[in-house]
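The values are calculated or read from the model by the stated rules, or taken from the named source; none is laboratory data. Fair warning: this is a prediction, and the values are worked out from it, not measured in the lab. Because the Cβ atoms are built from the backbone with ideal geometry, glycine has one as well, and the counts that use them run over all protein chains shown.
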Amino acid sequence: MASERITVAITQAFAGERPIAVLLDPYNPTGSTRHVSFYTAKRTRWETVAGRCHVNWAVCDSDWEAEFCRVVESHPRVRAYVKNHGLGLGVPYRQGSGGRIYLPDFIVLGRRRRCRRCPG
């Protein structure tokens, strides 16, 4: 719901100008966590549930992030999630005339709600 609100706000802010489009890295159009491997000395980490996260630990920067893991694993509309630690997923955007990259803390794949007005 939060990402939908952010998307709507950004889209409405630039209505009538030019459309907002996601630009994939031309050299890495798809991603994989196959080669992600790192050690950590952090004590704040969450052992993930295999059915919801494909890596075995989420290294947390705070107790808030550990709580996020607990909540997201039990939320019925979440299909999968992963902490964006060492994965390098960045979302390019423009601020003024300069390009910037937003690095989200987590990546979440949610289930869509069925529209009550739509058949099926």
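Within the bounds of the stretch 30-42, is there any residue that is modelled with pLDDT of 85 or more, of a type in the set (V, I, T) and surrounded by fewer than 11 Cβ atoms within 10 Å (Cβ to Cβ)?
Looking for residues that are modelled with pLDDT of 85 or more, of a type in the set (V, I, T) and surrounded by fewer than 11 Cβ atoms within 10 Å (Cβ to Cβ), one finds none in the stretch 30-42, hence no.
Under 7 Å between Cβ atoms, at least 6 apart or on separate chains: pull out the pairs that start in the stretch 73-97 with a residue that is free of Cβ contacts under 8 Å to residues at least 12 places away in the same chain and end on any residue that is of a type outside the set (K, R).
The qualifying pairs are Y93/Y102.
Name the residue that is nearest to D105 (Cα to Cα), counting only residues in the stretch 40-84 that are outside any loop (DSSP other than H, G, I, E, B), touching a helix residue (DSSP H, G or I) at 6+ places or on another chain (Cβ under 8 Å) and basic (K, R).
Result: K83.
When you scan the stretch 53-72, do you find a residue that is modelled with pLDDT under 85 and surrounded by fewer than 12 Cβ atoms within 10 Å (Cβ to Cβ), even just one?
So far as the stretch 53-72 goes, yes, one or more of its residues are modelled with pLDDT under 85 and surrounded by fewer than 12 Cβ atoms within 10 Å (Cβ to Cβ).
Name the single residue that is farthest from A2 (Cα to Cα) among those in the stretch 85-113 being touching a helix residue (DSSP H, G or I) at 6+ places or on another chain (Cβ under 8 Å) and not acidic (D, E).
F106
Can you find, within the stretch 92-108, the residue that is farthest from V82 (Cα to Cα) among those that are part of a strand (DSSP E or B) and small (G, A, S)?
Once the filter is applied, the top-ranked residue is G98.
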